[in-house]
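Beneath this line is the structure, given in structure tokens, with notes to follow.
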Amino acid sequence: MQVQLTDRQQHILWATVRHYIATAEPVGSRALVDEYQLGVSSATIRNIMGVLEKSGLLYRPHTSAGRVPSDSGYRIYVDQLINPSATLTKQTEQLLQQSFAHKDQALNFLLQGAAQILATLSGCISLITMPHCSTDILVHLQLVQVEVGKVMLIVVTDSYETHSALINIPATSHTENDLEVIDRELPIVSNFLNDQLRGQNLFALAKLDWSQLDQEFQRYSDLLSKTMTGLTKLKSTPNSTQILISGVSQVLRQPEFAEIQQVQTIMEMLESEQEQLWRLICEEPDIEDAKKSKVTIRIGAENPLEPIRSCSLISSSYHRGSMSGSVGVLGPTRLDYESAIAVVSAGSDYLSEAYIA
């Protein structure tokens, strides 16, 4: 749902989310007047909060209580109202560099130590996957028109596996001349894909710069982007899906996890359902999301795994040659997003440089 907010409404939403993150208590207009220099009366703030509630960005946990952010409210806060903490990004980088100055340390030691640092700095559960080598190196890609309005994308990897996907071309007049034009264009687009992607792994599909494709062929870019993003999800899970985890005890003391049943379901997932969690945090972002940020942020119900649908998961991949892994932090939706995003981003950058394949 697209919600257009005025500057004042954005400011009130920002203050409400920020106050709730800090206190874990429903927010009333008086609290915002007392703590923030908003330049408006308590009555005005109350009215704006009512508008935000009607828009689905805030809600009342109890009839007489103040308001708290919804998943949609957090989404706007994250996407539009904040930036990662530059101070914490620098602090994370310096701490990682100081802690692992020696290049000859064991990989497990490096990753476990990094997980502990990221958990401490973010206040979340940190998750770092062991790096794995993708064998899905692209050897050949081809586009073929199979019938009117339908094009087949064929991808061949170095393991001689073939993946294919059917792409629906938007309806045109489909005259004989149009079909001939498509037949002439597809080899040109296929050559572009091979030049850009041959010898790389499937992760490269999500990062392809379509702006290099001539303007006359841009009509294929969106369709191919979506199709290729889907193909990256076909890659097999490696035999070892070990995830190094740190910071569990401090996060589970948060008020959101007061119910023992909720704690148990999260602990069971962390201990015995690591393959599902691995697939989630190692999943490459969609093309449009990747253009906006290298960090993927899933808030509340955006998480497909039931045990963490009351949590937020922030993740990013690290790469070194053909090796890749993921860095993530998991916490309640009421987490310090500015800090968590900064920590994950800095962690993935450091591991991309520090780990030698």
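The values are calculated or read from the model by the stated rules, or taken from the named source; none is laboratory data. No experiment lies behind these values; they were computed from the predicted model shown. So basically every Cβ, Gly included, is an ideal-geometry build from the backbone, and we count neighbours across all protein chains shown.
What pairs come up if the first residue lies in the range 63-75 and is of a type in the set (Asp, Glu), the second is buried (at least 20 other Cβ atoms within 10 Å of the Cβ) and modelled with pLDDT of 95 or more, and their beta carbons are under 6 Å apart, counting only those six or more places apart or on different chains? As it stands, the answer is Asp71/Ile299, since those pairs meet every condition given.
Is it true that Met228 is modelled with pLDDT under 85, more than 20 Å from His132 (Cβ to Cβ) and among the aliphatic types (A, V, I, L, M)? Against the criterion (modelled with pLDDT under 85, more than 20 Å from His132 (Cβ to Cβ) and among the aliphatic types (A, V, I, L, M)), Met228 qualifies. Screening Gln37, Gln9 for residues that are in contact (Cβ under 8 Å) with a residue 24 or more places away in the chain, over 26 Å from Glu256 (Cα atoms) and surrounded by fewer than 21 Cβ atoms within 10 Å (Cβ to Cβ) leaves exactly one candidate, Gln9. Based on what the data block shows, is Glu288 of a type outside the set (Lys, Arg), surrounded by fewer than 19 Cβ atoms within 10 Å (Cβ to Cβ) and modelled with pLDDT of 90 or more? In short, no. Inside the range 58-106, can you point out the residues that are basic (Lys, Arg) and either in a loop (DSSP other than H, G, I, E, B) or under 29 Å from Ser310 (Cβ atoms) (or both)? Once the filter is applied, which keeps residues that are basic (Lys, Arg) and either in a loop (DSSP other than H, G, I, E, B) or under 29 Å from Ser310 (Cβ atoms) (or both), the range 58-106 yields Arg60, Arg67, Arg75, Lys103. Elements of the type strands (runs of 3 or more DSSP E) sitting completely within the range 112-163 and holding at least 1 residues that are surrounded by fewer than 17 Cβ atoms within 10 Å (Cβ to Cβ): these cover 138-147, 150-157.
Search the range 61-81 for residues being farther than 16 Å from Ser29 by Cβ and of a type in the set (D, E, K, R), and hand back the single one that is modelled with the lowest pLDDT. Top of the filtered list is Asp79. For the range 231-257, a tally of residues being touching a helix residue (DSSP H, G or I) at 6+ places or on another chain (Cβ under 7 Å) and either of a type in the set (Ser, Thr, Tyr) or at pLDDT below 75 (or both) returns 6. When we screen Arg184, Arg198, Arg219 for residues that are of a type in the set (D, E, K, R) and at pLDDT below 80, the only hit is Arg219.
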